[in-house]
Amino acid sequence: MTRKKTMTARILFKVEKERVLVPVGEPCPFGCKYCYTRGGEVGLAKIKAEEVLLQFQNFAGTTAFETIQFGYDGDPFARPERGIAMLRRLATLGKNVNFSTKASLEVPTLNALADIQRHMEENGTTLSALISVSCWDSASFVEPHTPPPVERMRGVTALKRIGIPVFIAVRPILPHIPDAEYERIATEGILAGCDGFILGPLYADDRGQFVRFVPPEILKTVPSSKNVVSWSAHSPLNLPIICRCYGYG
Ligand code: SF4
């Protein structure tokens, strides 16, 4: 694995497995109970889109990598105008681009994504999407301010219709959620036409942040490991960030 690091005044970009994470740069309004950005260690407090893009363009001009992963500190389409504007710029850098979202994708956003996808295809690069779904019936409790899973599945179908490859990110897998909800996600994802599924663990810090909604008697039965996380938008002054990872990893 090749690892390279470049630091700027505020944002850390890092190549890992030929991929670089690019932050949205503003707090996410969805407030999922497991969200690791709420602790402040991962996401930036708020930074102008232009600043993120300028810093990233400088990085991309001097570093080899293949894929841009847009949006790990927030949801790029919680505010679609910002997400689309940033994506348009990222799409011009000659790299594959992947974004992940739970937002409702309205027609203007889909039209803009289709346009970006067309340009990227002409330039020999690929735009792909991850739609995150962590539970089904429990979403109204676990993700009360986030568009419901059924709405996200509509997004999967719509993205496929405009020719964008779509994977469902089942992350985090939640240990107290009945298997039936995960079976439902699989069924609905296939019906929506997704290209596949990726799975991800549940993160917590040493204070148990982000896992307090999981019954402790269930949490303590789940295998976990302690790792320094690789994703952080902060300068290395604030690293390392150590997370407990439930499930695997
Ligand atoms: S959508 Fe993602 S970034 Fe936003 S609150 Fe939920 S987990 Fe956090």
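All of the numbers you see were taken from the coordinates with simple rules; none came from a lab. Predicted, not measured: the structure shown is a model, and the values here were computed from it. All Cβ positions, even for glycine, are placed from backbone atoms using ideal geometry, and neighbour counts span all protein chains on display.
Is there a residue in the stretch 111-126 that is within 16 Å of the ligand (Cβ to nearest atom), more than 25 Å from P172 (Cα to Cα) and more than 13 Å from the chain's Cα centre (by Cα)?
No, the stretch 111-126 has no match at all.
For the stretch 12-98, list the strands (runs of 3 or more DSSP E) that sit wholly inside it and hold at least 2 residues that are without any contact (Cβ under 8 Å) to a residue 60 or more places away in the chain, within 16 Å of the ligand (Cβ to nearest atom) and touching a Cys at 6+ places or on another chain (Cβ under 9 Å); which are they?
By residue number, no strands (runs of 3 or more DSSP E) qualify.
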